[in-house]
Amino acid sequence: MPIDIIVCIKQVPDPEYFDKITLDSATGTIRRTGIPVITNPADRHAVEEALRIREEFGGSVTVLTMGPPQARKSIDEALAMGADRGALLCDQVFAGADTLSTAYILSGGINLIGRYDLILCGNETVDGSTGQVPAQLSEFLGLPHTTHARRIDMIDDRRAVIERVVENGYLRVEMELPAVVAVLKRINTYRLPTVMGIMEASQKEVLELGCSACESLGMNSCDMGLEGSPTRVAEVFESPQRRRVEMLTGEPQEIAKQLVRRLHQLDAL
Amino acid sequence: MFDFTKEQEMLRTMVREFAETELAPKALELDKRGEFPRDLVKKLASLGLLGISTTRDLGGSAMGHLAGTIAIEELARVYPSVAFFLEVGTGPVYAISHFGSEEQKKKYIPPVLKGEKIMCIAATEPTGGSELTNLATEAVLSEDGYVINGRKVYITGGGVADQCILLAKTGERASLIMVERGTPGFTIGRRQDQMGLRSVDVSELAFNDCKVSKDSVIGKEGSGFPIAMTTFTVARPAIGAIGLGIARGAFEIALKYAKERVLYGKPIARLQAIQFLLADMDSEIDAARWLVYYPGAALDKGASPRDIIKASSRAKAAGAGVGVSVTLKAIEILGGNGVSPEYHLARLLNDAMELIPATGTQQIMKIIQAGEILK
């Protein structure tokens, strides 16, 4: 029962350099110039999960991203890990998309790719951290979805059981496929690309999809990019971090009591 | 500035991530125990790092010599012992893949690239390492093969290798002879203690009436010295790459510390005395980069080992030199913390010092370089 999987990935600023990111209060955006980019960490686990399922059941893994031309680097990394092909949604029209518009455009990309049994995403990205795109994507595609997945068990090519993390436990959810599943980082340990994988990546097919390709599906460019984004940033501001040090002394048990007392006094508990 | 290919950039990212996740958390403990991390050999193999510059028909990826240099540099930035292991492994594989018979290539190379076997080259003798034309170890041809007698010292990987390529005198000239571990008369002596590269095994080897078959010679009989010199020429830049990686690792530690350490009410990075050191370290590293990358890039573009003799010796000397020099400056920036093991600089300095005599001292490198200049 081969399973065709599409994995949505995103290129994000490297968290190692978050301290170098500054805010532009005039435009309400963050200045990313000079900040190295990486593939969103949770998305790498989504790629790994797709590869694991393909290795067990056969099928294919296609990675899809929306972004500027340099987002191709994230596709190349996934191809080097072992994905079969990639697709880059790249167009000036897509610029400035909020989560809703991003999900709309990704749904176009997925429909252009065509065949799929399962769509995997990282649960959230490290830049926006909204976690909204997987659910919005499933609505645009008319598919069931679940988020916070820590385990995926394929029953057959039409059904899967997902362990979905909730407070104090998890739910086992049986889903009909196709479906959108957003995975947590804890779902697996992702593999590194091998040297041969890196060499072979450049031979693999990468589709380049623009606005006109999406419009050929009947999609409306007015719903794409900044124009199609209902979200507006009202204000951005830096929150200054202030540190204050208090040294507690005594035996460990006494220090623990003092610590709890102080945290209560500071309304931190 | 070198214009790296997309593949080379991806390789650097991959090896860096491997080093950060697999080696960094274990570096202090591995160094302290001085153990050879055999399990890491399998991991290096599974990533394809043992065959970067070997042809695909033998199980390599043929990504090239510069790619190999990059991988070694990135490993050395975090844990130089593993980088040194990789460097040492390139020599025997290069010698066999370029000078061995088809049978030898198929027999010996794939298991090494898969991490199933480890190979070493044994050249240095107690009487000296750089005078390889005057060997005491001798292989005498008899009816059923060679009988070897002699002693080798400072053999990197000698104690853990499954196979040893031995440089021994066969008549008037030297030959490279493959000796399998366990061959009667081949004994592994004591492990030689070293100030750095603590995870790398360095051992003495002894050969007493050790018999091997006639087809154990790599290349033609009597061609051992030129093959060994060619192999060293190709492998030497990797020693420079280890030094470069050490320097980069030390610089990053010092830079982070200088920005965080507050003295006189401000981070010490704002003191000119520290800035002078940082500026010098930055210049030394970037200057060494060009020298270290050049030989591999030249080989990838079709140069022969003969063409890179000067560049190879220069790369080794420059890289090893910058490893020591930059790490010493980093220690100065960290002051007392610089010599504390937890800041890693003491370990990196010890490792950098090991590179000074490796594959020939700095002076030997300059003699080779000058020899080429004066031709």
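The values are calculated or read from the model by the stated rules, or taken from the named source; none is laboratory data. Bear in mind the structure is a predicted one, so any value in this text is a computation, not a measurement. Every residue, glycine as well, gets a Cβ built from its backbone with ideal geometry; the counts of neighbours run over all protein chains shown.
For A:V180, the test of being closer than 30 Å to A:Q92 by Cβ and at pLDDT below 90 is failed. For the stretch A:1-55, the candidate set comprises residues that are at pLDDT below 95 and of a type in the set (D, E, K, R); within that set, the residue that is farthest from A:A149 (Cα to Cα) is A:D24. Those strands (runs of 3 or more DSSP E) of the stretch A:156-244 in which 2 or more residues are farther than 22 Å from A:P68 by Cα occupy A:159-166, A:169-176, A:179-183.
The residues of the stretch B:27-72 that are charged (D, E, K, R) and within 14 Å of chain A (Cβ to nearest Cβ), listed by number, are B:K42, B:K43, B:R56, B:D57.
Picking from residues in the stretch B:14-26 that are of a type outside the set (F, W, Y) and within 8 Å of chain A (Cβ to nearest Cβ), the one that is nearest to A:G197 (Cα to Cα) is B:M14. Here the condition is being buried (at least 16 other Cβ atoms within 10 Å of the Cβ) and under 23 Å from B:M229 (Cβ atoms); of B:A206, B:A168, it holds for B:A168 alone.
Is it true that some residue in the stretch A:73-84 is of a type in the set (S, T, N, Q) and within 14 Å of chain B (Cβ to nearest Cβ)? Yes, the stretch A:73-84 contains a residue that is of a type in the set (S, T, N, Q) and within 14 Å of chain B (Cβ to nearest Cβ). Looking at B:G302, is it at pLDDT 95 or above and either surrounded by 21 or more Cβ atoms within 10 Å (Cβ to Cβ) or of a type in the set (S, T, Y) (or both)? Criteria not met by B:G302. Just so you know, in the stretch A:216-269 the residues that are closer than 30 Å to A:T22 by Cβ and basic (K, R) include one that is farthest from the chain's Cα centre (by Cα), and it is A:R244.
Considering each residue of the stretch B:203-211 in turn, at least one proves to be modelled with pLDDT of 95 or more, basic (K, R) and more than 16 Å from the chain's Cα centre (by Cα). Checking the structure you have, find out if any residue of the stretch B:64-83 is touching a helix residue (DSSP H, G or I) at 6+ places or on another chain (Cβ under 9 Å), without any contact (Cβ under 8 Å) to a residue 60 or more places away in the chain and of a type outside the set (D, E, K, R). No, because not a single residue in the stretch B:64-83 is touching a helix residue (DSSP H, G or I) at 6+ places or on another chain (Cβ under 9 Å), without any contact (Cβ under 8 Å) to a residue 60 or more places away in the chain and of a type outside the set (D, E, K, R). Yes or no: the stretch A:256-268 includes at least one residue that is under 30 Å from A:I3 (Cα atoms), surrounded by fewer than 17 Cβ atoms within 10 Å (Cβ to Cβ) and either acidic (D, E) or in contact (Cβ under 8 Å) with a residue 12 or more places away in the chain (or both). No; the residues of the stretch A:256-268 include none that is under 30 Å from A:I3 (Cα atoms), surrounded by fewer than 17 Cβ atoms within 10 Å (Cβ to Cβ) and either acidic (D, E) or in contact (Cβ under 8 Å) with a residue 12 or more places away in the chain (or both).
Residues in the stretch A:153-199 that are surrounded by fewer than 16 Cβ atoms within 10 Å (Cβ to Cβ) and within 14 Å of chain B (Cβ to nearest Cβ): A:T189 only.
When B:L299 is tested against (1) over 26 Å from B:G249 (Cα atoms); (2) without any contact (Cβ under 8 Å) to a residue 40 or more places away in the chain, exactly one condition is not met: (2). Looking across the stretch B:1-12, not a single residue is within 8 Å of another protein chain (Cβ to nearest Cβ) and polar (S, T, N, Q). Residue under question is A:N123, and the condition is that it be in contact (Cβ under 8 Å) with a residue 24 or more places away in the chain, away from every other protein chain (no Cβ under 14 Å), surrounded by 17 or more Cβ atoms within 10 Å (Cβ to Cβ) and within 30 Å of B:L50 (Cβ to Cβ); does it hold? When the stated conditions are applied, A:N123 does not pass them. A:L143 falls short of the stated requirement of being at pLDDT 95 or above, within 14 Å of chain B (Cβ to nearest Cβ) and within 21 Å of the chain's Cα centre (by Cα).
Screening B:V41, B:V15 for residues that are of a type in the set (A, V, I, L, M) and modelled with pLDDT under 95 leaves exactly one candidate, B:V41. Total residues in the stretch A:200-217 satisfying the condition of being modelled with pLDDT under 95, within 14 Å of chain B (Cβ to nearest Cβ) and in contact with a helix residue (DSSP H, G or I) (Cβ under 6 Å, 6 or more places away or on another chain): the figure is 0.
Residues are listed down the side, and each one gets a yes or a no for (1) touching a strand residue (DSSP E or B) at 6+ places or on another chain (Cβ under 9 Å); (2) of a type in the set (S, T, Y):
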position: B:D215; (1), (2): yes, no
position: B:S223; (1), (2): yes, yes
position: B:G249; (1), (2): no, no
position: B:E260; (1), (2): yes, no
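For B:I239, the conditions (1) out of contact with any Cys (no Cβ under 9 Å at 6 or more places or on another chain); (2) within 23 Å of B:F84 (Cα to Cα); (3) part of a strand (DSSP E or B) are fulfilled apart from (3). Here the strands (runs of 3 or more DSSP E) wholly within the stretch A:1-90 that include at least 2 residues being over 23 Å from A:T231 (Cα atoms), in contact (Cβ under 8 Å) with a residue 60 or more places away in the chain and touching a helix residue (DSSP H, G or I) at 6+ places or on another chain (Cβ under 9 Å) are A:3-8, A:85-89.
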